[in-house]
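For reference, the structure is listed below as structure tokens.
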Amino acid sequence: MQFRAPRGTHDVLPADAPARERIASVARVTAAAAGYRAFEPPTFEQADLFVRGVGDGTDIVEKEMYIFEDRGGERLALRPEGTASVCRAYVEHGLANAPQPVKLFYVLPIFRYERPQAGRYRQHTQFGLEAIGVRDPALDAEVISVGWRIMQELGLRDLTLLFNSIGDGEDRRAYVPRLRAHFEPQLDSLCGDCRGRFHRAPLRLLDCKQECCRSFQEGAPLIGDHLRPESREFADAVRAHLSALGIPVREAPTLVRGLDYYTHTVFEIVPARAGSQVTLLAGGRYDGLIEAIGGKPTPGIGFGMGIERMANDLRAQKLAPEEEAGPAALVVALGEAAGPRATSLAAELRAAGVSATMAFGGRSLKAQLRHAHRTGARVALILGERELAAGVVQVRDLSGSEQREVALAEVVGELSGLVS
Ligand code: ATP
Ligand code: MG
């Protein structure tokens with residue numbers, strides 16, 4: 001029997017790591033520059049947090065959560081998104097007493113039982129940002145601008161910011177009956193998911209990617225045409241801030257989030273050659289969420305960005321950083337007696353800032369030098385019994401094959417600064 005990583009999951013091998021690390025570090029630095037600070041919740045939570053905080057009518061809660069009972073009989077779920085945990089922590093730790101808005105970012109593994117395909121996995125990693133406690137269109141624009149800036153910093157071009165306002169509960173009281181009236185005659189022709197959405201999350205009827213439902217989306221009434229003046233003004237104010245930031249906005253009148261606690265601003269960043277699997281970043285305002293999980297009514301806005309989809313895009317656009325080379329120095333011990341001194345020499349080099357390791361396995365000099373070339377080492381330090389007795393070491397430059405003898409006492413000083 002051969003074990004494999006579970007379906008829809010993958011190992012991050014060293015060759016994959018630099019792109020991911022670059023994305024995460026650019027995202028952290030960009031968020032920190034706007035005053036966001038690191039946050040990390042546990043990997044699992046009470047399942048009900050997500051049922052209430054993501055919502056019954058969502059794909060996530062209906063069919064994607066990894067739910068389990070622990071040995072104490074508690075119903076838990078692996079985190080299927082980050083926002084609910086941040087909001088839970090905001091309430092639990094009384095962060096309403098801190099200066100508002102509370103601005104946090106996270107880089108977290110996310111678990112969803114999805115049908116695996118390109119860019120869609122059962123475990124992925126999200127960089128996310130949340131700003132909680134203030135309802136201000138300038139904050140919406142700031143959140144969006146951090147996401148946009150991360151893309152620019154990484155060199156990703158030809159992106160589109162999709163933007164819509166879905167108003168609030170009051171706007172939707174007038175709108176939803178009209179939306180239902182549009183879809184009701186076709187109810188039997190809609191996909192199974194949409195028949196459920198019709199009752200629980202009607203806005204998401206506009207969002208279905210199934211062929212059978214798409215044709216009915218055309219001509220459906222749009223939420224944007226049903227906003228009250230104050231909701232329209234809020235959206236226009238966000239647009240004005242985005243315009244001042246020089247961020248191009250593409251209006252997306254059918255872009256939605258399904259649940260009552262998502263309000264006003266919704267947005268996505270997609271590559272210009274957009275298909276359904278390629279949304280890089282998605283977010284919105286959730287002024288009703290904290291109340292839905294048991295806190296006082298508190299506004300909030302945030303986004304999540306898929307690190308794997310970003311890494312795929314960086315690779316496709318040849319923007320992914322190279323895999324890092326191995327240690328600069330390889331210490332080769334010839335004969336057992338030289339071994340311990342070689343070990344300490346490698347450690348001294350590292351302590352002096354020169355990346356170094358040993359050639360392990362007691363192979364021949366030729367085999368060890370071949371290994372040094374393959375791992376990208378720049379110098380080999382060869383220490384045999386004769387060298388040990390004379391207090392010297394052979395330093396071989398691996399870019400040519402020049403070799404010289406250097407006193408053991410001086411070799412670390414000589415190499416530090418030259419190689420790192
Ligand atoms: P979709 O409509 O593609 O299912 P979603 O609405 O479920 O997206 P969000 O919950 O908003 O996505 O997640 C934010 C971001 O996380 C997405 O834009 C995407 O980049 C990434 N993402 C979401 N689900 C997956 C997944 N299964 N595999 C890889 N990345 C994902
Ligand atoms: Mg999804």
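So the values come out like this:
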item	result
Residue count, the stretch 237-295 (criterion: within 27 Å of D193 (Cα to Cα), in a loop (DSSP other than H, G, I, E, B) and of a type outside the set (D, E, K, R))	19
Boolean, L334 is touching a residue at least 12 places away in the same chain (Cβ under 8 Å), of a type in the set (A, V, I, L, M) and closer than 30 Å to R157 by Cβ	no
Pair list, Cβ < 8 Å and 6+ apart or interchain, from the stretch 50-63 residues that are closer than 17 Å to K209 by Cα and charged (D, E, K, R) to residues that are within 13 Å of ligand 2 (Cβ to nearest atom) and modelled with pLDDT of 90 or more	K63/Y113
V411 being over 38 Å from the mean Cα position of the chain (by Cα), over 29 Å from A17 (Cβ atoms) and outside any helix (DSSP H, G or I)	no
Out of K318, K296, sole residue that is charged (D, E, K, R), surrounded by fewer than 22 Cβ atoms within 10 Å (Cβ to Cβ) and without any contact (Cβ under 8 Å) to a residue 60 or more places away in the chain	K318
Residue match in the stretch 346-356 (condition: over 25 Å from G413 (Cβ atoms) and among the hydroxyl-bearing types (S, T, Y))	no
Subset tally (residues that are under 26 Å from E323 (Cβ atoms) and surrounded by fewer than 17 Cβ atoms within 10 Å (Cβ to Cβ)) for the stretch 367-418	13
Any strands (runs of 3 or more DSSP E) falling wholly within the stretch 20-126 and containing at least 1 residues that are among the small types (G, A, S) and surrounded by 20 or more Cβ atoms within 10 Å (Cβ to Cβ)	75-78
Which listed residue is within 12 Å of ligand 1 (Cβ to nearest atom) and of a type outside the set (S, T, Y), from L139, L108, L154, L161	L108
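Yes or no, residue by residue, for (1) within 20 Å of I23 (Cβ to Cβ); (2) more than 15 Å from the chain's Cα centre (by Cα); (3) more than 16 Å from ligand 2 (Cβ to nearest atom); (4) hydrophobic (A, V, I, L, M, F, W, C):
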residue	(1), (2), (3), (4)
E40	yes, no, yes, no
V54	no, yes, no, yes
E62	no, yes, no, no
E81	yes, no, no, no
P99	no, yes, yes, no
A118	yes, yes, no, yes
F127	yes, no, yes, yes
E130	yes, no, yes, no
L139	no, yes, yes, yes
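The values are calculated or read from the model by the stated rules, or taken from the named source; none is laboratory data. Bear in mind the structure is a predicted one, so any value in this text is a computation, not a measurement. All Cβ positions, glycine included, derive from the backbone under ideal geometry; neighbour counts span all protein chains shown.
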